[in-house]
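Asks: Pasting a structure below so you can have a look.
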Amino acid sequence: MGKRLHNKPLVEAIFELRWGNMIPPDQFDDPNYQILVGLLFERFKEAGYEYYERLPTAAIPDQLSGHVVQHRFRTAKDQWPLIQVGKGILTVNDTDNYDWDKSFFTRCVDALTALHDKYPGNFHEIPFHSMTLKYIDAHELDYEQTDLFDFLQQKMGLDIRIPEKLLNKARLSGSPKSFAAHFGYEIPDLNANLRFRLARGARVSEEIDLLIWETEVRSIKDSIPRDLPEISRWLTAAHQITSDWFFKLIEGDLEEEFS
């Protein structure tokens, strides 16, 4: 069981599976797509995703719509969690009510099981492209009153800083007006990569500045497990990695604030 945060900074939790073949020049093919959507429609409705949305992207021509979500299934109008389907893509998404142990893991497995059971053809022969578990988090940060690099070091243990001699030489001061940092690491035991990204952002509707960080585990092509039990184990391992990373990152003042 993971730790419970009553004020968690989570913006969105996303599981995503991509598949299909690219056909030159830069076109995408999944001949089973239209049949699959109809079959999944009934399956997801039975599972409680009773509110269906046909997205504007559904008007994109088939040959140009690879890995673009076109159909959305919600438990109720404007409610989360949700499942999205497109040509060669399936996602499970959640936000405020996210709970790995109580619901999100099960929803991911159920969505994959639906794809396994309803895909027109052999599920084990689907040309998988990528499988990703991703978390987007955000924290309000007043960049005018707070030194970004001090915050990263003191609150998140991240030593990222532009040397003062460079700033002084160019007569620069204050927090950067834009900021993005991206790190990638291999996870040999899982045949996957971990990607971590930090960036300055904003909640435009409320004119609130944010520090946004994204943590994801991704496997590609032949590294993706083929059987549902193996995919379940991949999900469990990927979540353990991202969870450990998250709680180590916020250890101290931020964890107390989010609790």
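The values are calculated or read from the model by the stated rules, or taken from the named source; none is laboratory data. Predicted, not measured: the structure shown is a model, and the values here were computed from it. Don't worry about glycine lacking a Cβ; one is built from the backbone with ideal geometry, like all the others, and counts go over all protein chains shown.
Conditions (1) in contact with a Cys (Cβ under 7 Å, 6 or more places away or on another chain); (2) over 23 Å from residue 137 (Cβ atoms); (3) without any contact (Cβ under 8 Å) to a residue 24 or more places away in the chain; (4) of a type in the set (A, V, I, L, M), marked per residue:
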{"position": "6", "(1), (2), (3), (4)": "no, no, no, no"}
{"position": "12", "(1), (2), (3), (4)": "no, no, no, no"}
{"position": "21", "(1), (2), (3), (4)": "no, yes, no, no"}
{"position": "37", "(1), (2), (3), (4)": "no, yes, no, yes"}
{"position": "54", "(1), (2), (3), (4)": "no, yes, yes, no"}
{"position": "82", "(1), (2), (3), (4)": "no, no, no, yes"}
{"position": "94", "(1), (2), (3), (4)": "no, no, no, no"}
{"position": "99", "(1), (2), (3), (4)": "no, no, yes, no"}
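Asks: Here is a further query. Take the residues of segment 61-81 that are out of contact with any Ser or Thr (no Cβ under 8 Å at 6 or more places or on another chain) and assigned to a loop (DSSP other than H, G, I, E, B): which is farthest from residue 237 (Cα to Cα)?
Replies: That would be 61.
Asks: Same structure again: Can we say residue 171 is of a type in the set (Lys, Arg) and either modelled with pLDDT of 95 or more or out of contact with any His (no Cβ under 7 Å at 6 or more places or on another chain) (or both)?
Replies: When the stated conditions are applied, residue 171 passes them.
Asks: Anything in segment 200-224 that is touching a residue at least 40 places away in the same chain (Cβ under 8 Å), surrounded by fewer than 18 Cβ atoms within 10 Å (Cβ to Cβ) and closer than 30 Å to residue 122 by Cα? List them, or say none.
Replies: 220, 221
Asks: Might you check whether a residue that is under 24 Å from residue 110 (Cβ atoms), in contact with a helix residue (DSSP H, G or I) (Cβ under 7 Å, 6 or more places away or on another chain) and part of a strand (DSSP E or B) occurs anywhere in segment 191-206?
Replies: yes
Asks: Moving on to the next point. Which numbered condition trips up residue 162, out of (1) closer than 30 Å to residue 96 by Cα; (2) at pLDDT below 90?
Replies: (1)
Asks: Which members of segment 93-145 meet the condition of being small (Gly, Ala, Ser) and either farther than 28 Å from residue 243 by Cβ or crowded, with 19+ Cβ neighbours inside 10 Å (or both)?
Replies: 111, 114, 121, 138
Asks: For segment 50-66, how many residues meet the condition of being modelled with pLDDT of 95 or more and under 21 Å from the mean Cα position of the chain (by Cα)?
Replies: Of the residues in segment 50-66, 2 are modelled with pLDDT of 95 or more and under 21 Å from the mean Cα position of the chain (by Cα).
Asks: Does segment 232-241 contain any residue that is under 20 Å from the mean Cα position of the chain (by Cα), farther than 30 Å from residue 119 by Cβ and either touching a residue at least 60 places away in the same chain (Cβ under 8 Å) or loosely packed, with under 15 Cβ neighbours inside 10 Å (or both)?
Replies: For segment 232-241, residues under 20 Å from the mean Cα position of the chain (by Cα), farther than 30 Å from residue 119 by Cβ and either touching a residue at least 60 places away in the same chain (Cβ under 8 Å) or loosely packed, with under 15 Cβ neighbours inside 10 Å (or both): absent.
Asks: Mind checking whether some residue in segment 137-158 is among the β-branched types (Val, Ile, Thr), more than 16 Å from the chain's Cα centre (by Cα) and closer than 30 Å to residue 251 by Cβ?
Replies: Among the residues of segment 137-158, at least one is among the β-branched types (Val, Ile, Thr), more than 16 Å from the chain's Cα centre (by Cα) and closer than 30 Å to residue 251 by Cβ, which makes the answer yes.
Asks: When only residues in segment 47-66 that are acidic (Asp, Glu) and within 20 Å of residue 82 (Cβ to Cβ) count, which is surrounded by the fewest Cβ atoms within 10 Å (Cβ to Cβ)?
Replies: 50
Asks: Turning to a different aspect of this structure: So how many residues does segment 112-139 have that are aliphatic (A, V, I, L, M) and more than 19 Å from residue 37 (Cα to Cα)?
Replies: Of the residues in that region, 4 qualify.
Asks: Quick check on segment 103-119. Is at least one of its residues over 24 Å from the mean Cα position of the chain (by Cα) and without any contact (Cβ under 8 Å) to a residue 60 or more places away in the chain?
Replies: no
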